Amino acid sequence: MPTQFTDQVSESSYVEDVFYALATVCLLLVVGAVGLIDAGLVRRKNMLDTWVQKIVCALLAGGALAIVGYAIWEIQYYQALGVPDAIGQALSDWWLFGPDVTTFSQNLDPAVSPQADVFQVFLAFFMAYGAVAGALLHSAGLERVKAAPMYVISAIAGGIVVPVMLYLTWGSASPLTNRGVHDYIGTYSLYIVVGVWALILAWRAGPRLGAFEPHPGTGGPVPHNLGWSAFGVILLMFAAPFAFLGCGFIVPGSGYFGISMTTSGFGIAAINIFMSYVGGGLGGAIIAYRTRNPIMALIGVAAGYIGSGTSLDVGKPWEILLVSFVASFVVWGTYRLLHRFRIDDKKIVPLALGGGIYSALAGGIVGWGDKTGGYFGLTGEYAPQHATINPGWQALGVLVTVVIAGVTGLIVIFALEKTIGLRVSAKDELRGLDEAYWSAPPPPYADGPGSSEPGSGNGTIAERLTTVES
């Protein structure tokens with residue numbers, strides 16, 4: 001019988017296990033929320049395929065991250081703890097077939113693998129994190145990008161690019177965090193990376209037929225059921241707090257710390273998350289009523305929490321309210337800029353890239369002077385909270401992330417465009433991807449310029465949604 005290490009399965013260990021397991025489930029609910037939002041925004045003839053692609057993209061990104069991505073993130077702690085051959089040892093221990101992933105925690109020596117059970121649960125958390133990245137990337141190519149390239153994009157982004165950025169920017173001992181770059185919910189490694197890749201994808205795939213120019217075969221892309229999108233936003237509001245609170249350390253007797261080792265508080269972080277809903281939601285509502293475009297009323301909530309994402313663990317509630325309120329206008333400005341350049345993406349690039357960059361820079365102001373970086377019990381260059389949050393390092397983090405994401409995104413997406421191609425045929429796009437891919441019967445209406453049926457691209461509401469920006 002293998003040696004049993006009771007320290008690995010203590011009561012406190014299981015409390016943390018349950019906490020991070022709950023956060024993991026809520027991240028998966030975020031995937032469902034994104035799916036509901038998209039299901040309401042697409043035309044009825046593409047709804048089934050939207051769900052299928054969304055789920056597969058999420059699974060591929062999360063599964064790919066489990067192969068070696070989590071091990072890449074663990075490198076920072078092996079380096080901080082002075083483990084010989086830190087890179088090789090971390091990859092050996094924590095890749096999909098490594099001993100720390102394939103051995104029950106009670107059989108792992110805590111002197112070698114401390115808190116093994118918690119870190120194993122955190123691997124599942126990371127898989128869900130990758131699944132969110134895959135789901136968001138899929139949203140950038142709705143109704144026009146083929147399934148095969150979308151799956152490749154999700155796997156490469158989730159399996160390699162996101163983990164590398166997690167290693168650089170997310171975690172108290174990461175190379176940039178240890179020098180002052182601050183993050184909380186994954187603004188750099190998730191939102192900015194996804195935003196850059198989404199921008200490249202939407203640019204290279206081109207707009208949907210009828211999106212900006214009249215097309216004889218369609219009235220253009222019009223949401224068929226914004227009620228579903230609204231329900232997706234409500235689900236997002238339910239799931240996000242539990243998921244975000246998982247982005248930190250619970251230290252019994254000492255308190256709650258953000259993932260970058262910032263002093264925080266579980267209660268204040270929870271208040272801040274809901275305050276970001278209020279600020280972002282109110283800003284989005286103002287824009288929606290002024291422009292008569294309901295979409296901003298829906299995505300204002302997401303704009304709020306993404307725009308304050310680096311500050312949620314260190315800001316005061318009134319600061320988060322202000323930051324999140326302004327975030328909606330930053331997202332709206334990015335949306336208008338994309339429209340001017342005929343980039344067909346109404347939410348992912350505005351939210352993830354526009355809102356993400358704003359979040360990183362705002363975090364440098366809100367948290368200016370707060371201590372960050374390092375790891376518990378260490379001294380020297382990895383001493384707890386030896387670094388300081390400041391706008392300069394936040395801006396440098398943005399630059400590094402945009403460059404890495406931009407270069408990798410261009411290589412992958414251009415390679416796919418030149419080989420298997422990105423775009424579905426015009427014929428398939430016009431008849432609908434549900435029929436083209438799944439032989440689903442077409443919706444009971446014609447999608448042409450003469451139709452007045454719901455979702456056809458005509459009528460007062462449709463005209464408002466598609467032309468208000470111009």
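Observations on the model:
- For the chain, the solvent-accessible area with a 1.4 angstrom probe is 38 square angstrom per residue.
- Label sites at D7 and R340, each approximated as a point 7 angstrom past Cα along Cα to Cβ, lie 6.0 nm apart.
- Between segment 180-217 and segment 91-132, the Cα center-to-center distance that results, in Å: 32 Å
- Taking 7 Å steps out from each Cα toward its Cβ at D428 and A395 produces label points 4.5 nm apart.
- Dipole-positive endmost among W393, G421, W368 within segment 314-433 (Cβ charges, Cα centre): G421
- Charges were assigned to the Cβ only: +1 to each Lys and Arg, -1 to each Asp and Glu. The resulting dipole of the chain about its Cα centre is roughly 1720 debye.
- The structure-derived value of Cα extents along the principal axes in Å appears in the list (i) 72, 49, 37; (ii) 93, 61, 42; (iii) 99, 55, 41 under the label (i).
- Cβ charges +1 (Lys, Arg) and -1 (Asp, Glu), total dipole of segment 26-173, debye: 920 debye
- Computed per residue of the chain from DSSP H runs no shorter than four, each worth -39500 (n - 2.57), the mean residue ellipticity at 222 nm is -19000 deg cm²/dmol.
- Overall, the accessible surface of the chain at a probe of 1.4 angstrom is composed of carbon and sulfur to the extent of 69 percent.
- With Cα atoms, 0 to 90° folded angle of helix 193-205 axis to the chain main axis: 30 degrees
- Electrostatic bookkeeping for L416 treats Lys and Arg as +1 and Asp and Glu as -1; over the other residues with beta carbon under 13 Å from its beta carbon, the sum is +3.
- Ordering of 253-262, 94-103 by packing [mean C-beta count within 10 Å, highest first]: 253-262, 94-103
- Surface accessible to a 1.4 Å probe, F5 within the full protein complex, Å²: 50 Å²
- Helix 317-340 axis versus longest C-alpha principal axis of the chain: approximately 40°, rounded to the nearest ten.
- Which of I268, I37 is most accessible, then next, and so on - probe 1.4 Å: I268, I37
- Between segment 279-317 and segment 395-438, the alpha-carbon center distance in angstrom: 27 Å
- Angle between the chain longest axis and helix 391-418 axis [Cα atoms, degrees, rounded to 10]: 50 degrees
- Approximate shape of segment 22-120 as ellipsoid semi-axes (Cα gyration tensor, √5λ), whole Å, largest first: 37, 14, 11
- Relative contact order [Cα under 8 Å, 6+ residues apart], segment 146-300, whole percent: 16 percent
The values are calculated or read from the model by the stated rules, or taken from the named source; none is laboratory data. The structure displayed is predicted, hence computed values, not measured ones. Please note: Cβ atoms are built from the backbone with ideal geometry, for glycine as well, and neighbour counts cover all protein chains shown. Only protein heavy atoms, including side chains, enter the accessible area calculation; ligands, DNA and RNA are left aside. Shrake-Rupley method; radii C 1.70, N 1.55, O 1.52, S 1.80 Å.
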